[in-house]
Structure formats: C-alpha cells, structure tokens
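Read the structure below first, then the notes.
The values are calculated or read from the model by the stated rules, or taken from the named source; none is laboratory data. Quick caveat: nothing in here was measured; it's all calculated off a predicted structure. Backbone-built Cβ (ideal geometry, glycine too); neighbour counts: all protein chains shown.
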Amino acid sequence: MTDAVSPVSPSPVVLDVWCELQCPDCRTALADVQVLRARYGNALDVQLRHFPLEKHRYALAAGQAFEEAYAQGRGLAYAAAVLDRVEELDRRGERLLVEVAGELGLDAEEMDTALIDGRHMLMVDSDEAEGRAIGVTGTPTYVIGGELLDGSKDQSGLRERIAEIADRLLAARD
C-alpha cells in the first residue's frame, strides 16, 4: 500500500507594509499593494502593519479601528475607505472611523466599543515597537525578503522593486 501525498502549496512571500491610516502617502501605497495583490494572488501575503506617527492625532485610533474591521472581515476595504477620507479624518476623528465602519456594513456599534475599550491597542503597540526595532522611521515602509524599502519620502519605483524581489523569492522557492 502506498501513502498518497497531497501536494503542499509553498508558503507565500510575505510583504509587510508599515503604514497608518492618517498618512496621505499610505493611500498611494495601498493602491500599489492592491496592484501587487492582483498580480501575485495568494503567492503574496500582504500584512498591513501599524506605525502611527505622532504628528497624526488619530493614527492610533485608526490602527485600532483597522484591527476591529479586520476582525469583522473587512480590514483592507476599511483601510482603503479611511485613506480615501484622510483629510476628513483629521477634522472628524473617531466619529469618522465609526461612520466608515457603518458605511461598509460592519457593526459600527462594535467598532465604537472597540475604540472605547482599547481591545486592539496591544496589536498596534506591538507593530509599532517591532517597526522601530527593524528601522522603520516613517510611512509607508515595506519589508520583503529581509529588505526594508522606505517610501516615506519618495515612493517612485518601489512597486517595481517589490515586484523584482517577489519574483526572485518566488523563483527561488519553486
């Protein structure tokens, strides 16, 4: 008798995207990430990581709100919706974060409760600490294949560089 071996799909390449939802440059970064996700599908595991900047008053709350939206199954859609209204976030704060949740069909009441009780604070703090430890200084910053790519001052060419690295890593694993 022989054992049937089921094919094991290789682990995806991980792309960590250090961002915050009050950063206008992260709107461009998220658009680039969506293009990369479309290109690579499940072969690229995009991880949105939090790096709230002190200059943005609602960045910490927005990170927590993202985690609640993620827990409700709509993390990336929520991030895109908030980033599309980043200027409004600066004026309206947490009210906007809850409103966006409702517009996306999320449980807005639960979002409000999560912001009040801080249940996702540890995740945001942990990401920020890890980012500082590896040299993240601004947003957006990408880490793929051990390379840190800082897009906080200029994002030109970064999507192409990420694709080059991803192609190399995917070819090496096959």
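Is it fair to say GLU94 is in contact with a Leu (Cβ under 7 Å, 6 or more places away or on another chain) and under 25 Å from ASP32 (Cα atoms)?
So GLU94 does not fit the description; no.
Among helices (runs of 4 or more DSSP H) lying entirely in segment 64-108, which contain 3 or more residues that are aliphatic (A, V, I, L, M) and modelled with pLDDT of 95 or more?
Filter on segment 64-108 gives 75-83, 94-103.
Looking at (1) outside any loop (DSSP other than H, G, I, E, B); (2) touching a Phe, Trp or Tyr at 6+ places or on another chain (Cβ under 6 Å); (3) among the aliphatic types (A, V, I, L, M); (4) touching a residue at least 60 places away in the same chain (Cβ under 8 Å), which is the only condition LEU149 fails?
Going through (1) outside any loop (DSSP other than H, G, I, E, B); (2) touching a Phe, Trp or Tyr at 6+ places or on another chain (Cβ under 6 Å); (3) among the aliphatic types (A, V, I, L, M); (4) touching a residue at least 60 places away in the same chain (Cβ under 8 Å) one by one, LEU149 breaks only (4).
Here is a list of conditions, (1) at pLDDT 95 or above; (2) crowded, with 17+ Cβ neighbours inside 10 Å; (3) part of a helix (DSSP H, G or I), and ALA29 meets all of them except one; can you say which number that is?
(1)
The conditions are (1) assigned to a loop (DSSP other than H, G, I, E, B); (2) modelled with pLDDT of 95 or more, and SER156 fails exactly one of them. Which is it?
Looking at each condition in turn, SER156 falls short on (2).
Can you tell me which residue within segment 104-127, out of those that are acidic (Asp, Glu) and under 19 Å from GLU54 (Cβ atoms), is surrounded by the most Cβ atoms within 10 Å (Cβ to Cβ)?
ASP127
Determine which member of the set GLU130, GLU147 is surrounded by fewer than 17 Cβ atoms within 10 Å (Cβ to Cβ) and under 16 Å from the mean Cα position of the chain (by Cα).
Of the residues listed, the single one that is surrounded by fewer than 17 Cβ atoms within 10 Å (Cβ to Cβ) and under 16 Å from the mean Cα position of the chain (by Cα) is GLU130.
Looking at the structure I just gave you, is ILE165 under 15 Å from the mean Cα position of the chain (by Cα), modelled with pLDDT of 95 or more and under 21 Å from GLY41 (Cα atoms)?
So ILE165 does not fit the description; no.
Out of all the residues in segment 48-60, is one or more outside any loop (DSSP other than H, G, I, E, B) and either more than 16 Å from the chain's Cα centre (by Cα) or without any contact (Cβ under 8 Å) to a residue 12 or more places away in the chain (or both)?
There is no residue in segment 48-60 that is outside any loop (DSSP other than H, G, I, E, B) and either more than 16 Å from the chain's Cα centre (by Cα) or without any contact (Cβ under 8 Å) to a residue 12 or more places away in the chain (or both).
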